[in-house]
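What follows is a single structure, written as structure tokens, with notes after it.
Nothing in this text is a laboratory measurement; each read-out follows from the coordinates by a stated rule. Note that the structure is a prediction, hence the values are computed from the model and not measured. Reconstructed Cβ throughout: ideal geometry from the backbone, glycine too, with neighbour counts over all protein chains shown.
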Amino acid sequence: MATWQIAVILVKIFLIVGLFQGAVAYMILLERKIAAWAQDRIGPNRCGPLGLLQPLADGAKMLLKEDVIPGYVNKPLYILAPAIAIVMATIGFAVVPFGPAGLDAPTVNGNPIHFQIAPNVDIGILYVFAIGSLAVYAVILGGYASNNKYSFLGGLRNSAQIISYEIPLGLSVLGMVMLARSLELNDVMSWQDRNGLGPIPAWGVFVQPLAFLIFLVSAFAETNRLPFDLAEAEQELVGGFHTEYSAMKFGMFFLGEYLHVITVSFLTVILFFGGWDAPFLGVEDTSWIAAVLKVGVIFFKVTLMVIFIMWIRWTLPRFRYDQLMNLAWKALIPLALLNLVVTMVLIQLFRGVG
Amino acid sequence: MKPDDPNLKRVEPPKLTLLEKTYLPQILGGLAVTGRHILGSAIGGKAVTVQYPEEQHVPTANYRGVHRLNKDEQGRVKCVACMLCATACPAHCIDIVGATAPEDWPDREKYPESFVIDELRCIYCGMCEEACPVDAIELTGLYDITGLSREELIYDKAKLLSVFDMTKDAEPMKTGNPPASLPVPTSPLDPEGPGPRTTVPAAQLPSRS
């Protein structure tokens, strides 16, 4: 690997990590604003114009607060848990394309520049899911190490929840994978761009509507957000797994959760909303202007998805634990299997046609 | 009522259609409701927030805020030191020291020499206002009382009378308003204005029993 390639990768890493950490700060502001609007309030507006400096104030608060480590905790695990949360949430981005990558990438002197930190990983989706399920260790370890009944209950609920919802999550994606015949995320994207009937694009949400619903529900459960935030459940568990955490350790859990939301939004957009696919942008257009536009389109879609996730939060109440399990095992998994079988049969029947 | 009572109506849960069993229409309905609220407050300006320090909230006419001691036409305190308010007060926050009225006050036998209300102890129930036979004590719409010490919020007679001067135009007395020539302080926390800026002597504090 040439030096310039390493330099490009480093630039991409700094860019993406910096961008997303900054985005998280503003997502918290957005979340607070949407929460306020949903309750007919105004939301933070004192810190800078329209409250735009609020994330800085929040960040300073997190950093400057006293970092309490209770005396009875399992110290190594207690410190490890928030680190796992943030590391797992960050490295998941490695294979997520945020613009044209692979064969569609724009070129400099004939060398393609991929808008993806680790391009051409054949098992991109598997990697993202593997990292995503590792993130559950943060919650379980945090809950266990806190040596607190509430935290422990939160951790337990979370482990059962993630294990259950991983199955429909994986199964729902398989339909799109079979259609695109690749586990690589940008192949799935370009498949959606290349196919389609006239003006209607072959976005995952149109060709696999059931899978989209199952994926969406499972993704909500994976990110631990309402209506599936049983692990935190302020009203029942005083904050759940992060009851005993303060200052920046709590902030790291927070950061991890929001990074997870970004990852899930990216996955949803890439798998089911065509990624950077827009009506006027073709996959064969590899100029730099098109590349920048494609990056803009995918970030626009991701922003809409993030807003939708926050919107859902203020719409649905939290599930009870048994309802959560019923939904996963009695509804989502059978439906995901059905969707998989139907997709397989259809692909086999129309193999020669399409 | 027995289980076989003919008046007993059995209510069955409604049969859900397949679409309703997915809960999707209901979720979409819920999204529409929250979406209306989000858009209404974000764009439509329907948020109910009052930007407090810049924008003062005006309470309703029957709001129970800081007390005031009403004055009569001659600018004298209306109170006749009958102690009914102090007796009615469930929080025991009113402390009155009555004295024989001056010779030239022929309409009453007694007047309050000292009239102290502990605004921190008060629960703003309005019983004093109801108990008063001469409508001398009333609760105003002032709600933003602040102080740097507990003593500062123990209001004496002068302070309570100044509250009256301040609020008498906005909130006229329920009976018999005095002429408008009486002096009007501008703010309840005006350091130059009347009221217990200095620490109240211990003897003047209301009893805590």
Hits among lysines - C-alpha to C-alpha of A:Lys33 under 21 Å, sequence gap 8 or more where chains match | A:Lys61, A:Lys301, B:Lys46
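Rank-order B:132-145, A:209-222 by packing density, defined as the average count of other C-beta atoms within 10 Å over each peptide's residues, highest first.
Details: B:132-145: 17.4, A:209-222: 22.4.
Top to bottom by mean Cβ count within 10 Å: A:209-222, B:132-145.
Taking R0 as 56 Å, what's the FRET efficiency between A:Gln348 and A:Leu52 from their Cβ-Cβ distance, rounded to 0.05? Don't jump to the answer; show the numbers that get you there.
Details: r = 54 Å, r/R0 = 0.96.
For A:Gln348 and A:Leu52, the calculated efficiency is 0.55.
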Pairwise label distance in nanometres, A:Met325 with B:Asp135, each label 7 Å out on the Cα-Cβ vector | 6.8
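What ranking do A:157-164, A:54-61 get when scored by the average of other Cβ atoms within 10 Å per residue, highest first?
Working: A:157-164: 20.1, A:54-61: 15.6.
Those peptides, ordered most packed to least, come out A:157-164, A:54-61.
Roughly how crowded by other chains is peptide B:33-42, in terms of the mean Cβ count from those chains within 10 Å of each of its Cβ atoms? List each step's numbers first, then the result.
Values: counts 3, 10, 5, 1, 5, 13, 1, 3, 10, 7.
Mean shielding count: 6.
Can you tell me the dipole magnitude for the stretch A:65-350 around its Cα centre, using point charges on the Cβ only (Lys, Arg +1; Asp, Glu -1), in Debye to the nearest 20? Write down the numbers at each step before the final one.
On the way: 14 positive and 19 negative charges, 91 e Å.
I would put it at about 440 debye.
Full-extension gain between A:Ala25 and A:Glu234, please, as 0.36 nm times their residue separation minus the C-alpha to C-alpha distance.
On the way: separation 209, 0.36 × 209 = 75.24 nm, distance 2.15 nm.
Full-extension gain reported as 73.1 nm.
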Sequence of A:Met310, B:Met1 once ranked by neighbouring C-beta atoms within 10 Å, starting from the fewest | B:Met1, A:Met310
Which whole-number percentage describes the relative contact order of the stretch B:55-188, with Cα contacts under 8 Å and a sequence gap of 6 or more?
-> 33
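Quote the relative contact order of the stretch A:65-350 in percent (integer), defining contacts as alpha-carbon pairs under 8 Å separated by 6+ residues. All intermediate terms of the calculation are to be shown ahead of the outcome.
On the way: 464 pairs, mean separation 75.0, N = 286.
With pairs under 8 Å counted, the relative contact order is 26 percent.
Enter the mean number of other protein chain beta carbons within 10 Å of the beta carbon of each residue in A:32-43, as an integer.
On the way: counts 0, 3, 4, 1, 5, 11, 9, 7, 8, 4, 8, 4.
Partner Cβ neighbours, averaged per residue: 5.
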For chain A, the Cα-Cα pair-distance distribution in 20 Å bins from 0, as whole percents, is 28, 57, 15, 0
Once you put a point 7 Å from the Cα of A:Arg181 and another 7 Å from the Cα of B:Tyr52, both along the Cβ direction, what distance in nm separates them?
-> 6.6
Cβ-placed point charges (K, R +1; D, E -1), dipole of the protein assembly as shown about Cα centre in debye, nearest 20 | 1620
Taking the highest mean first, how do the peptides A:12-23, A:265-276, A:90-101 order by number of other beta carbon atoms within 10 angstrom per residue?
-> A:265-276, A:90-101, A:12-23
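Give me a single rounded figure for A:305-314: the average over its residues of other chain Cβ atoms within 10 Å of their Cβ.
Working: counts 0, 0, 1, 1, 0, 1, 5, 4, 1, 7.
Mean number of neighbouring Cβ atoms from other chains: 2.
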Would you mind calculating the relative contact order of the stretch A:1-144 from Cα pairs under 8 angstrom and at least 6 residues apart, reporting the percent as a whole number?
-> 22
By how many nm would the segment from A:Ala7 to A:Val295 grow when fully extended, if each residue of separation counts as 0.36 nm and the alpha-carbon distance is taken off?
-> 101.6 nm
Between A:Glu66 and A:Leu15, what FRET efficiency comes out of the Förster formula 1/(1 + (r/R0)^6) with R0 = 41 Å and r the beta carbon distance, rounded to 0.05?
-> 0.75
